[in-house]
């Protein structure tokens, strides 16, 4: 996990969750390959990490890559960063995030828009802001924000290939039940 992704996630959470109220957060794709968002979750929040296989920072193993495996409406916040590009079918996983998020809950997704090939174990997608908006809308989210952010520090490592992350923030309507 690159440092700019950690900073972007922290910024998006603080922008859209201004209160310090305790929350239950689910990190989809939580395996600590090279960093984890667990370190930026505010004190007092309950963090649950889930991924498709057991590993460091994984509290819960998903039944399959399209099913998170929790009851509906159980989480206040879902975070998912640097994962969707590795999913075979992100258009199935994002609605599953919606299902396990409680009404009024927030989803913050970060994935790559421009990046060199990096299989772990697959590298299937690049997502731009319009695509992120569609993923969120099609899943049922009210879209709060989408965008793309260049990553200068990493671009220096890949000087011939500028890199960029795409992000999206959605809220599950308080009128919604999964």
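Assorted remarks:
- Residue list for the stretch 98-133, filter: over 16 Å from residue 163 (Cα atoms), touching a helix residue (DSSP H, G or I) at 6+ places or on another chain (Cβ under 8 Å) and crowded, with 24+ Cβ neighbours inside 10 Å: 107, 108, 109
- Where residue 47 falls short, out of the listed (1) assigned to a strand (DSSP E or B); (2) farther than 18 Å from residue 86 by Cα; (3) touching a residue at least 40 places away in the same chain (Cβ under 8 Å): (3)
- For the condition free of Cβ contacts under 8 Å to residues at least 60 places away in the same chain, surrounded by 14 or more Cβ atoms within 10 Å (Cβ to Cβ) and farther than 28 Å from residue 151 by Cβ, residue 24 qualifies.
- Test result for residue 102, touching a residue at least 40 places away in the same chain (Cβ under 8 Å) and more than 13 Å from the chain's Cα centre (by Cα): yes
- Per-region count, the stretch 113-136, residues out of contact with any strand residue (DSSP E or B) (no Cβ under 6 Å at 6 or more places or on another chain) and either under 21 Å from residue 15 (Cβ atoms) or at pLDDT 95 or above (or both): 4
- Among the candidates 55, 74, the residue that is more than 27 Å from residue 129 (Cα to Cα) and either in contact with a strand residue (DSSP E or B) (Cβ under 7 Å, 6 or more places away or on another chain) or touching a residue at least 60 places away in the same chain (Cβ under 8 Å) (or both) is uniquely 74.
The values are calculated or read from the model by the stated rules, or taken from the named source; none is laboratory data. No experiment lies behind these values; they were computed from the predicted model shown. No Cβ is skipped: glycine too gets one built from the backbone with ideal geometry, and neighbour counts run over all protein chains shown.
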